[in-house]
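A.B. asks: Quick one: the structure is below, and I'll ask about it shortly.
The values are calculated or read from the model by the stated rules, or taken from the named source; none is laboratory data. Since we're looking at a predicted model, the values are computed, not measured. Note that each Cβ is placed from the backbone with ideal geometry, even for glycine, and that neighbours are counted across all protein chains shown. Areas reflect the complete protein model, heavy atoms only, side chains present, ligands, DNA and RNA absent. Shrake-Rupley method; radii C 1.70, N 1.55, O 1.52, S 1.80 Å.
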Amino acid sequence: MTTRTQPAEPLVIPPGTALPGRARPAAPRRREGPAKLTGTALYTDDIVVPGAWFGATVRSTDAHARFVALDLDPSFDWSKVVVVTAADIPGENIVNAIQADQPILVPVGGEIQHHAEPLALLAAGDRSTLREARRRIRAQTEPLPPVFDPDVSEHVFASYRIEAGDVEAALAAADVVLVGEYRVGHQEQLYIENNAMIAAPTEGGGVTVTGSLQCPYYLHSALKRGLGLTDAAARVVQAETGGGFGGKEEFPSVIGLHAALLARKAQRPVRMIYDRHEDIAATTKRHPAIVRHRTGVTGDGRLVAQDIEVVMDGGAYCTLTPVVLSRGALHAGGPYRCPNVRIRARATRTNTPPNGAFRGFGAPQTEFAAETHLNRIAEQLAISPLDIRRRNVYRPGDTTPTGQVLRSSVAAEEVLERAAEAAEFTRLRERTATARGQRAGSGASATEPGAGSALRTELERVATGIGLALAWHGAGFTGSGEVKLASVASLELTADGRIRILTAATEMGQGTKTIFPQLVGEALGVPEPDVEVAPQDTAFVPDSGPTVASRTAMVVGGLLVHAATRLRETVEAASGGSFADTHIDYARAHGATRIDQRFEPYPGGTPFDDSTYTGDAYPAFGWAACVARVDVDLDTGEVHVIDVVAADDVGRVIHPVLAEGQVEGGTLQAVGYATIEEIKLRDGRYLNDRLATYIIPTALDAPRISTILVEAPFEGAPHGAKGVGELPMDVGAPAVVAAIADATGVWVGDLPASPERILAGLSGRPELAPLRPGASEPAR
């Protein structure tokens, strides 16, 4: 294992620095960086399409209702407007997803299942006419009783059960059994660019949709199903995309279908560009979850039994809920040995907007609960949070609850020790314990300013704490998912000797277009600038699977390395020289050569059984540890995250600067999840659906983040890389909550750990806390 470390005091290591045992060339500049910096990059709203109309969505204002009729004001000139209803859909009125339950538009006579659900579409030649048309259309509805509590909902989207050993017997024999319930709410992706699509009709009844998205072939499949199109008639092109975080995985199928329907009826291009209010109000969020733990341990802190229940709120429609729940369930026990485990997980319907993909994909919810629960166990046993992890952490040869033997690329212990050492966890925790004891001895109340000593200083009203958490994250799709995807990545040597990558893997700020040429150039023995990347256009690139699940570098990057190896062997066998010296002459003599590399299962392991949830759940796991330090104002409950040390094992670091950026970005998103990000609902409607009211960390809130990149290469991939994008999201929130508990003595089991929740804990008055996360206020 090799490690690149940025410890507590900044240590500048140039990107080209060689790691032990392996030389590494200097990391190249981001491919798309100059265009973004100079403003020449074209995001969807920047694209000029002559003659394009503007599109809009008519949405429900009910959480649950019967759609009775759509009334068009007869005094308005509707000849200037195109109106699309469910009756205009030429194919199936279904948004293509795991289950066929979500309509593209609710038909008259159908049921509205959530606030902001699409009922009709409008398009006009100018924005003022479009605004007026929206004012002149009204939906008649009959209210139906809504369900907002996922715990009582009887409509189950998915359920899973994972069992190993005899949980009840082990709990009965345990020295200590601790029970806990943890709740997390919605989280908004808040990508910098809103959802946006431009659709244009093509000859023969086809349509081309260009837009901001993560997964071109998801939308391609949705267009085929919803519009009844062939492969060739449906075309999807990714524009420059300003962030996704999962929020542009499945939802673009909705807005893309809407734009396409309007364009086909108007017989002209139509722009569907959401503003921020509509984007927050109508799009998918992170799934709220309730996680209950009953855990048995020995007196010295060794896990003997875990009984875990997970309930996720899927919202009104299934979307990607089964796979989000699956990943959450598989990670629910945390990265620890335990011989007796029972995990029961279900996801249910509520009459709230559908939830979907978000960085971490179910794991942040369940790992927050697992880590917080383990920290509480350590406290009850008077064991250091670091020591209890040392006693239970997965090591090579251990077996997970699904029966997967962890044979290689297991770096849980490494990241744990690296993070603890760099953060000086043991020393600083002893110091905070001393300070907490001094406050307790002073007789001052944490909730009464001025209580106790009259000389109480400003500093005495602020408590500092330090917290630790550890996580694991499966790289790639769960179980047999990658086999079912059958992804293809292609590499082409053109007739004039250019080298071109063809994949559907998208760039959305994470560095896809930079690392792919790196990998291919290295495999071919040519400079990285000599390798081109074809646009993500379904008319030209193969389906290499979605850009999600920490799979892009590992899976698609691995396919490209295999393709490059095959291309190099072909050229060198024919020419007798090196690829770098002969590929241009080879191309001129033989014409274009294209290598299509299809995914094949990784060697070794036990195939995953989707019916029993046993076997190898993932080909490899990434491992992360996080140490957070916070200041808590004991009068107001406000939390300031001072600094974070994040250690992440990513297999092989391809581009150090980009990898560190992913760790820093994921860590900051996790800090927001832990402290301030919260969607509030009333009668199933999001209340804070604007940037002014949905608060995320700004530069002023960002802690100092020190990154440690640990390399435990995955042997199944030719380049050794695993994922990095989601891993930091799993571990930051429990570390922050542990630090708050270290500072105050109060455990906050609901996210975010808001001032109200902290003060309720400090005062011993739980009634002062706000609604539980994900709960909806009744209508007023």
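A.B. asks: Per-residue counts of other Cβ atoms within 10 Å, averaged by peptide: what ranking do you get for 265-275, 548-558, 529-539, 750-760, highest first?
C.D. replies: Most protected by this proxy first, the peptides run 548-558, 750-760, 265-275, 529-539.
A.B. asks: While we're here: Give me the net charge of GLY604's neighbourhood, meaning all other residues with Cβ under 14 Å from the Cβ of GLY604; Lys, Arg count +1, Asp, Glu -1.
C.D. replies: -2
A.B. asks: Sticking with this one: Compute the relative contact order of the chain as a whole-number percentage, counting only Cα pairs closer than 8 Å that sit 6 or more residues apart in sequence.
C.D. replies: Once normalised by length, the contact order is 16 percent.
A.B. asks: Is the shape of the stretch 204-363 rounded, prolate or oblate, going by the alpha carbon gyration tensor and its root eigenvalues a ≥ b ≥ c, with a/c under 1.5 for rounded and a/b larger than b/c for prolate?
C.D. replies: prolate
A.B. asks: With point charges of +1 on the Cβ of Lys and Arg and -1 on the Cβ of Asp and Glu, referenced to the Cα centre of the chain, which listed residue (GLY732, ALA534, VAL561) lies farthest in the positive direction of the dipole?
C.D. replies: Comparing the listed Cα positions along the dipole, ALA534 ranks first.
A.B. asks: Within a Cβ distance under 12 Å of ALA779, other residues only, what is the Lys/Arg minus Asp/Glu net charge? List each step's numbers first, then the result.
C.D. replies: On the way: positive: ARG682, ARG685, ARG780; negative: ASP62, ASP683, GLU777.
Net charge around ALA779: 0.
A.B. asks: Inverting the mean 1/r over all pairs of different Cα atoms, compute the Kirkwood radius of the stretch 526-584 and quote it in Å.
C.D. replies: For the stretch 526-584, the Kirkwood estimate is 13.5 Å.
A.B. asks: Is the stretch 566-639 best put as rounded, prolate or oblate by its Cα gyration tensor, with a ≥ b ≥ c the root eigenvalues, rounded for a/c under 1.5, and otherwise prolate when a/b is larger than b/c, oblate when not?
C.D. replies: oblate
A.B. asks: Here is a further query. Collect residues whose amide H, placed 1.01 Å from N in the peptide plane, falls under 5 Å from the amide H of ALA239; neighbours closer than 5 in sequence don't count.
C.D. replies: Long-range HN contacts for ALA239: GLY211, SER212, LEU213.
A.B. asks: Oh, and also: Can you tell me the order of 698-708, 662-672, 237-247, 348-358 when each peptide is scored by its average per-residue count of other Cβ atoms within 10 angstrom, highest first?
C.D. replies: 348-358, 662-672, 237-247, 698-708
A.B. asks: If you place +1 on the Cβ of every Lys and Arg and -1 on the Cβ of every Asp and Glu, how big does the dipole about the Cα centre of the chain come out, in debye to the nearest 20?
C.D. replies: Numbers: 75 positive and 94 negative charges, 110 e Å.
Dipole about the Cα centre, nearest 20: 520 debye.
A.B. asks: A further question on this structure: Say a paramagnetic label sat at a point 7 Å from the Cα of PHE76, along Cα to Cβ; which residues of the stretch 133-150 have their backbone N under 14 Å from it?
C.D. replies: The answer is 133-140, whose backbone nitrogens lie closer than 14 Å to the label point.
A.B. asks: Pairs LYS80/LYS248; LYS224/LYS248; LYS224/LYS722: which exceed 30 Å Cα-Cα?
C.D. replies: LYS80/LYS248; LYS224/LYS722
A.B. asks: Here's a follow-up. Step through the residues of the stretch 465-478 one at a time and calculate ³J(HN,Hα) from phi using the Karplus curve (6.51 cos²θ - 1.76 cosθ + 1.60, θ = phi - 60°), rounding each to whole Hz and writing x for Gly and Pro.
C.D. replies: Result, rounded to whole Hz: x, 10, x, 10, 8, 9, 8, 10, 8, x, 8, x, 5, 6.
A.B. asks: Now a separate question. Where only protein heavy atoms count, and the probe is 1.4 Å, what is the accessible area per residue for the chain in Å²?
C.D. replies: With the other protein chains kept in place, the chain gives 37 Å² per residue.
A.B. asks: Of GLY665, LEU768, VAL462, which is farthest along the charge dipole of the chain in the positive direction, counting Lys and Arg as +1 and Asp and Glu as -1 at C-beta?
C.D. replies: GLY665
A.B. asks: Which of rounded, prolate, oblate describes the stretch 597-693, given a ≥ b ≥ c as roots of the alpha-carbon gyration tensor eigenvalues and a/c under 1.5 marking rounded, otherwise prolate only if a/b is larger than b/c? The partial results should precede the final answer.
C.D. replies: Working: a/c = 2.41, a/b = 1.60, b/c = 1.51.
In terms of gyration-tensor shape, prolate.
A.B. asks: May I ask you to list the aspartates and glutamates whose Cα is less than 14 Å away from that of LYS513, ignoring any residue fewer than eight positions away on the same chain?
C.D. replies: List returned: GLU32, GLU240, GLU528, ASP530, GLU532.
A.B. asks: Next question. Expressed as a whole percent, how much of the Cα-Cα distance distribution for the stretch 121-170 exceeds 16 Å?
C.D. replies: Tail fraction, whole percent: 72.
A.B. asks: Another question, then. Please report the relative contact order for the stretch 260-327, taking Cα pairs under 8 Å with a sequence separation of at least 6, and give it as a percent rounded to a whole number. Numbers along the way, then the final one.
C.D. replies: On the way: 46 pairs, mean separation 15.0, N = 68.
Computed value for the stretch 260-327: 22 percent relative contact order.
A.B. asks: Run lengths n ≥ 4 of DSSP H only: what is the helix-derived mean residue ellipticity at 222 nm for the chain, with -39500 (n - 2.57) per run over all residues, to the nearest 500?
C.D. replies: Working: 18 runs with 213 residues, N = 780.
So the helix-based figure for the chain works out to -8500 deg cm²/dmol.
A.B. asks: What is the projected area of the convex hull of the Cα atoms of the chain, averaged over all directions, in nm²? Can you show the working numbers first?
C.D. replies: Values: hull surface 140.1 nm².
The orientation-averaged projected area of the Cα hull of the chain comes to 35.0 nm².
A.B. asks: Just order 282-291, 408-417, 363-372, 178-187 by mean Cβ neighbour count inside 10 Å, highest at the front, would you?
C.D. replies: 363-372, 282-291, 408-417, 178-187
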